[in-house]
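Here is the structure we will look at.
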Amino acid sequence: MTSRGPIRLALVGGGPGSFIGPVHRMAAELDGRMRLVAGAFSRDPAKNAQAAQAWGVSANRAHGDYRAMIAAEAARDDGAEVVAVVTPNHLHFDVSATALKAGLHVMSDKPATLDLAQARALAKIVASSGRLYGLTHVYTGYPMVREAREIVRRGDLGAVRKIVVEYAQGWLSRPIERDGDKQAGWRSDPAQSGVGGCIGDIGVHAFNIAEFVGGVRVERFCADVSTVVEGRALDDDCNILMRFEGGARGVLVASQISAGARNDLKIQVYGEKGGLTWSHERHTELTVDWLDAPSQLLHAGSPYLSPVAHAVTRIPTGHPEGFIEAFANLYRDLADAIAEGRPDAGLVPDVAEGVRGMAFVETAVAASRAGDGWVEMPRNLT
């Protein structure tokens, strides 16, 4: 907790039946840096009241409409200072823009918006608002992901030559969206999800972590974005070749029809002197393989790690921290930046990363449909 007390938080979305909403709420409050004081949890009055009661929010600060909630909080002396956006994609832009224009900071679930045009517009709003905007690419909050990034940044591996990133899930191997599954339903609906299905849901995570750890930007790519389950409206499998600035090559695989796969995001970065591997299913470990020396297995919480990793580690080695803690690291970074009046939140992904993610999704989907082969990553995005 900062000396000024916890940052006051409002949540849009996250009512009963939500997966990611409760995760955001737990993560935001984990370190005592933030406290949930208001929300527009659901348009259903009963569900909205249920969420408010469960999370200790006063009934008069739980609104069925997020615009009314933001206006009410902005007018209070003790009103919310940050709005967390945990809705389906089609609401991300308007909720974020409304909050920023009201003078509130924003933490949004990914992707930043429904489409690239909205993302570019949002970047301008962020710039003119003077407020902070964070995007929860949660995997950037893991200690060993930040350690991997630091190893690459120090030049330990030499010049980066190849980046391979894979995000495999199998939960959409069947058309469960037709059976009333809420999470599958909105993710398979272009009106709520946008032009990207799998690529917009988990492909953007893979794209983001490749650039975050590798320290180089994607310049060109060749995308095969496909729909495997017959009748599904959006893609559920993606295979993309990439070329990075500086000449590094890469491969990105994102799939939600890999039957039997649970939720394993894996990244490998290879340089001139060696390579490293991190896997979400073994997230407390980082393997570094050297060309001319024995391999190393690094463990989260160990004293030999960099200050960057220690800054987001809460407990000693051998006691695993996970998904909620990684989210909490992003919320803690944002809260500290607000309390200290800093113009950025350090390693928290910002709106520029959101714009890049949407540019990647739209360009990949369009190029794949047209059979364009190798295409340029859009430039001058903001």
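The values are calculated or read from the model by the stated rules, or taken from the named source; none is laboratory data. Predicted model, so just to flag it, every value in this text is computed and none were measured. Here Cβ is always computed from backbone atoms with ideal geometry, including for glycine, and neighbour counts include all displayed protein chains.
Observations, loosely collected:
- Some residue of region 36-50 being touching a helix residue (DSSP H, G or I) at 6+ places or on another chain (Cβ under 6 Å), touching a residue at least 60 places away in the same chain (Cβ under 8 Å) and within 24 Å of Gly341 (Cα to Cα): no
- For beta carbons closer than 9 Å, sequence separation of 6+ or different chains, a first residue in region 308-322 that is closer than 19 Å to Gly346 by Cα and a second that is of a type in the set (Lys, Arg) and surrounded by 16 or more Cβ atoms within 10 Å (Cβ to Cβ), the qualifying pairs are Val308/Arg146; Val308/Arg149; Ala309/Arg146; Ala311/Arg146; Val312/Arg146; Val312/Arg332.
- Among the residues listed as Arg153, Arg178, the single one being under 30 Å from Gly17 (Cα atoms), among the basic types (Lys, Arg) and not assigned by TED's automatic domain parsing to the domain that holds Pro16: Arg178
- Enumeration of residues in region 98-134 that are β-branched (Val, Ile, Thr) and either part of a helix (DSSP H, G or I) or out of contact with any helix residue (DSSP H, G or I) (no Cβ under 8 Å at 6 or more places or on another chain) (or both): Thr98, Ile125, Val126
- Considering residues of region 344-361 that are assigned to a loop (DSSP other than H, G, I, E, B) and not β-branched (Val, Ile, Thr) only, the residue farthest from Arg332 (Cα to Cα): Asp350
- Exactly one residue among Ile257, Ile267 is part of a loop (DSSP other than H, G, I, E, B), of a type in the set (Val, Ile, Thr) and either in the same structural domain as Gly194 (by TED's automatic domain parsing) or buried (at least 19 other Cβ atoms within 10 Å of the Cβ) (or both), and that residue is Ile257.
- Test: residue in region 275-283 that is in the same structural domain as Ala159 (by TED's automatic domain parsing), more than 23 Å from Arg161 (Cβ to Cβ) and among the acidic types (Asp, Glu): yes
- Counting the residues of region 67-103 that are aliphatic (A, V, I, L, M) and surrounded by 23 or more Cβ atoms within 10 Å (Cβ to Cβ) gives 11.
- Residue in region 330-337 that is over 12 Å from Tyr142 (Cα atoms), part of a helix (DSSP H, G or I) and in contact with an Asp or Glu (Cβ under 7 Å, 6 or more places away or on another chain) present: yes
- Taken as a whole, the structure places Pro22 among residues that are surrounded by fewer than 24 Cβ atoms within 10 Å (Cβ to Cβ), within 22 Å of Leu91 (Cα to Cα) and within 17 Å of the chain's Cα centre (by Cα).
- Every test in (1) of a type outside the set (Asp, Glu); (2) crowded, with 24+ Cβ neighbours inside 10 Å; (3) within 24 Å of Phe244 (Cα to Cα) is passed by Leu172 save one, and that test is (3).
- Within region 219-231, being touching a residue at least 60 places away in the same chain (Cβ under 8 Å) and either more than 30 Å from Ile151 (Cα to Cα) or surrounded by fewer than 24 Cβ atoms within 10 Å (Cβ to Cβ) (or both) holds for Glu219, Arg220, Phe221, Cys222, Asp224, Val225, Ser226.
- Among the residues listed as Ala367, Ala359, the single one being under 19 Å from Gly197 (Cα atoms) and in contact with a helix residue (DSSP H, G or I) (Cβ under 6 Å, 6 or more places away or on another chain): Ala359
- So Trp278, is it aromatic (Phe, Trp, Tyr) and surrounded by fewer than 22 Cβ atoms within 10 Å (Cβ to Cβ): no
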